[in-house]
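Structure first, then comments.
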Amino acid sequence: MEWLLNLTMEIFIAKSSGFCFGVKRAINMADSCARETRGEIYTLGPIIHNPQVVKRLEESSGVHAKKSIGEVERGTVIIRSHGARLDELNKAKDKGLNIVDATCPFVKKAQDLVSRLSAEGYTVIVAGEKDHPEVKGLVSYGSAGIRVADCAEALADMPRTKKIGVIAQTTLPIEKLEDVVSACLVKASELKVFNTICNATSIRQKESAELARKVDVMVVVGGRNSANTRRLAEICRSIREKTHHIEVASEIDPAWFEGAQTVGVTSGASTPDWVIDEAVGKIRAISGKAGH
Ligand code: SF4
């Protein structure tokens, strides 16, 4: 954890802030593609869940996000770090599109596990949020009967079966996976669990929780459409009520820091450094003003 000392407030920044490995890799692949590829270039869904980065990519490189392969007729399509649904990938191949696959290798591993477990006859449970694009992609790799659950109750109506295989959305908190697994224990005689939660996620969540415990105010920086940023804000708020989730520095309100001695700053895996720097700069400025 790195710290900045100001006249009145100490600002602590979580060490793991900024892009995770998978997001960095996807952004680099999109940048190289924009530099080296001729013709139209699209991403299947926003490249990452951060509106500022998406806008920058559109404006600087002309790379636009499309909701589905149905909207792309030619050129290159970039698959983001969350991965894509198998049917969408197949459609892109059938259309003869040039595919740049930036699926994070950890997500790829989870997709492969879903295929393998399904092929081996397991009823597959994806522990995660059913509307998250990564989860939709994972489900598409399984056979009929695959289920998504983010808590034990979501499996209450599931009949007993012979074999269950569980994998997790890479950004799921471990407690949720434990909850889902506990429900599966009584649903099958054989249970196989793969903890596919990404290390980068658990480290970031742990660090942010530690930081929330030691400061007066927490600021969580990242897209409101970013599930992992929202989760960080939830975790921090459960520890430190004065937790604020912002997307950009201009949302920061000086009133949040009244009487505060310490401020913690953390960010989601899809938040670029420059957005974090701007937020820290604004807090520093507020702190400086408060001291005069
Ligand atoms: S959070 Fe983990 S799994 Fe998800 S993109 Fe980043 S490195 Fe990959």
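The values are calculated or read from the model by the stated rules, or taken from the named source; none is laboratory data. All of these numbers come straight from a predicted model, not from anything done at the bench. Neighbour counts are summed over all protein chains in view; Cβ atoms, including those assigned to glycine, are modelled from backbone coordinates with ideal geometry. Ligands, DNA and RNA are excluded from the accessible area calculation, which covers all protein heavy atoms including side chains. Shrake-Rupley method; radii C 1.70, N 1.55, O 1.52, S 1.80 Å.
Among the criteria (1) modelled with pLDDT of 95 or more; (2) outside the structural domain of Val166 (by TED's automatic domain parsing); (3) open to solvent by 40 Å² or more (accessible area, probe 1.4 Å), the one Arg56 does not fulfil is (1).
Considering the stretch 212-230, the residues that are open to solvent by less than 40 Å² (accessible area, probe 1.4 Å) and more than 18 Å from Ala200 (Cβ to Cβ) include one that is farthest from the ligand (Cβ to nearest atom), namely Val217.
Okay, residues lined up against (1) more than 14 Å from the ligand (Cβ to nearest atom); (2) under 27 Å from Gly222 (Cα atoms):
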{"residue": "Asn28", "(1), (2)": "no, yes"}
{"residue": "Ile41", "(1), (2)": "yes, yes"}
{"residue": "Ser81", "(1), (2)": "no, yes"}
{"residue": "Leu86", "(1), (2)": "yes, no"}
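Residue-wise test of (1) at pLDDT below 95; (2) in contact with a strand residue (DSSP E or B) (Cβ under 9 Å, 6 or more places away or on another chain); (3) crowded, with 19+ Cβ neighbours inside 10 Å; (4) not assigned by TED's automatic domain parsing to the domain that holds Arg38.
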residue	(1), (2), (3), (4)
Leu89	no, yes, yes, no
Gly96	no, no, no, no
Asp112	no, no, no, yes
Ser115	no, no, no, yes
Glu120	no, yes, no, yes
Val124	no, yes, yes, yes
Leu138	no, yes, yes, yes
Val148	no, yes, yes, yes
Glu153	no, no, no, yes
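Here Leu44 meets each of (1) open to solvent by 20 Å² or more (accessible area, probe 1.4 Å); (2) touching a residue at least 40 places away in the same chain (Cβ under 8 Å) with one exception, condition (1). Between Ala255, Ala233, Ala209, Ala200, the distinction of being surrounded by 21 or more Cβ atoms within 10 Å (Cβ to Cβ), assigned to a helix (DSSP H, G or I) and either of a type in the set (A, V, I, L, M, F, W, C) or away from the ligand (no atom under 14 Å from the Cβ) (or both) belongs to Ala233 only. Asp131 falls short on exactly one of the conditions (1) in a loop (DSSP other than H, G, I, E, B); (2) more than 16 Å from Met29 (Cα to Cα); (3) open to solvent by less than 30 Å² (accessible area, probe 1.4 Å), and that condition is (3). So in the stretch 155-171, with the set limited to residues that are within 16 Å of the ligand (Cβ to nearest atom) and at pLDDT below 95, which one is farthest from Tyr141 (Cα to Cα)? This residue is Thr171.
Every test in (1) touching a strand residue (DSSP E or B) at 6+ places or on another chain (Cβ under 9 Å); (2) modelled with pLDDT of 95 or more; (3) not assigned by TED's automatic domain parsing to the domain that holds Asp273 is passed by Ile174 save one, and that test is (2).
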